[in-house]
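Working notes, beginning with the structure itself.
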Amino acid sequence: MTGLCDSFQRPINYLRISVTDRCNLRCIYCMPAEGVYHISHKDILTYEEIYTVVQAAAELGINKVRLTGGEPLVRLGLPKLLSLIGQIDTIDDISMTTNGILLGSYVAELKGAGLRRVNVSLDTLEPDRFKKITRSSYELNDVINGIESAKSAGLNPVKINVVVMPGINDDEVLNFAAKTVDEGWHVRFIECMPAAGVSSDAWQFVSVDEIKKQLEQLGELEPCLPRVGNGPARYFRFPNSRGSIGFISPISEHFCFHCNRLRLTADGKLRPCLLSSEEIDLRQPLRCGMPSVELKRLIETAANKKPLRHQLAEGHFPQGRPMTQVGG
Ligand code: SAM
């Protein structure tokens, strides 16, 4: 393995793949109220095309893959993609980020096809609020069942991603934290980022420091190591708790200097950074039969185009594609 690096010598070993831009939810912080335009089916990469990209990326040193979206589980036949990626010996971690609604129905098949673990996005423990935040008629219980099924299937640790928003769910921080003690949940609190298509005037976030301040009411947190993964979260737990609390602070204390990832959009663009609109097209070259050596060159080019850090502090907000296409 050669080891892929960007122009700042950051090792790049992680590929996040948006398998679809479709989602069964319309979360207020992720999508505009009116919804988003959908990429035409013919423009979405096939599973074989995604496999070809992962294979080339793996030869360059990518060894971790995460499936995301949109909602990955609304794309039919996802186990087929998992099985394909599972054939690549040097990929040693395949995970998925999901809203959990369909997880209970598919979990056994996904595990059987090689999925190692899941992160489930869940921003509230209150049934009515769940419908408001997700702008959907699905039930909170659908997600809770998905989480329980994933745990029973052994997709551990199931990490729960909570985007904390002022005046919307920041009064639930302690309830989520209690789940780490009472039920061994692994909860990660995430600062809300501005997203393309979601009004930046209305954008506000609760900082990790503010979240930590709230948590002081429950006792003293002790640092702990993540059970799996080496992503941007910093982990803590309350003494004697089976679960953990992670903090992800893309705004108040960005972790760009440790960024190790590239993103593949549902329509086959390689995206060097979530928060910048630079992209490199792989779909057309793939469909023109580009040889693997050229594909690898494009992947290296994308790595080299990674900016040193995002520019939110300078007022440069993401433009263009919604998070559902880029893959959050
Ligand atoms: N549908 C899947 C889900 O809900 O997990 C995968 C796609 S979603 C875009 C991936 C992750 O991005 C979720 O954990 C979501 O909370 C996060 N996300 C979306 N918009 C965000 C924002 N504005 N700020 C922070 N995280 C965001």
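The values are calculated or read from the model by the stated rules, or taken from the named source; none is laboratory data. A quick note: this is a predicted structure, and the numbers were derived from the prediction, not measured. Counting neighbours? That spans all protein chains shown, and the Cβs are built from the backbone with ideal geometry, glycine included. Surface accessibility is based on the protein's heavy atoms, side chains included, excluding ligands, DNA and RNA. Shrake-Rupley method; radii C 1.70, N 1.55, O 1.52, S 1.80 Å.
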Value at 222 nm in deg cm²/dmol, rounded to 500, when DSSP H runs of n ≥ 4 in the chain each add -39,500 (n - 2.57): -8000 deg cm²/dmol
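For the range 129-221, what percent of Cα pairs sit more than 15 Å apart?
Here the tail beyond 15 Å accounts for 68 percent of pairs.
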Pairwise FRET efficiency - S277 versus T46, Cβ, R0 = 30 Å, nearest 0.05: 0.75
The range 291-316 and the range 89-145: distance between their alpha carbon centers, rounded to Å: 29
Gyration tensor verdict on the range 1-57 (Cα atoms; rounded if a/c is under 1.5, prolate if a/b is larger than b/c, oblate otherwise): oblate
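With all pairs of different alpha carbon atoms counted, what Kirkwood hydrodynamic radius in Å does the range 18-84 show?
On the way: mean 1/r = 0.0750 Å⁻¹.
So the Kirkwood estimate lands at 13.3 Å.
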Debye log10 I(q)/I(0) for the range 1-144, one point scatterer per Cα, at q = 0.14, 0.21 Å⁻¹: -0.73, -1.26
With eigenvalues of the C-alpha gyration tensor scaled by 5 and rooted, the chain, Å: 30, 22, 20
For the chain, cysteines whose Cβ has no other cysteine Cβ within reach (under 4.7 Å): C5, C23, C192, C224, C256, C259, C273, C288
Separation between Cα centres of the range 224-275 and the range 13-78, rounded to whole Å: 18
In the range 1-51, chymotrypsin sites (Phe, Trp or Tyr not before Pro) in a DSSP loop with at most 16 other beta-carbon atoms within 10 Å: F8, Y37
Solvent-accessible heavy-atom area per residue, rounded to whole Å², over the range 141-185 at 1.4 Å: 34
Residue of L225, L295, L140 that the Gaussian network model of the chain assigns the largest fluctuation, springs spanning Cα pairs under 10 Å: L225
Where Rh is the Kirkwood radius over Cα pairs, Rg/Rh for the range 186-260: 1.01
Rounded to the nearest 10 Å², the accessible area of E294 at probe 1.4 Å: 70
Accessible-area composition of the chain, carbon plus sulfur, in percent [1.4 Å probe]: 51
Per DSSP, loop GluC sites (Glu not before Pro) in the range 82-153 with at most 14 further Cβ within 10 Å: E139
Binned Cα-Cα distance frequencies in the range 217-272 - 5 Å width, integer %: 4, 15, 19, 17, 16, 12, 7, 5, 3, 1
For the range 120-166, alpha-carbon Rg and Dmax in angstrom: 11.3, 35
Candidates I85, I133, I101: whichever shows maximal mean-square fluctuation once the chain is modelled as a Gaussian network with Cα springs under 10 Å: I133
Highest-fluctuation residue, P232, P166, P307 considered, GNM on the chain with Cα pairs under 10 Å: P166
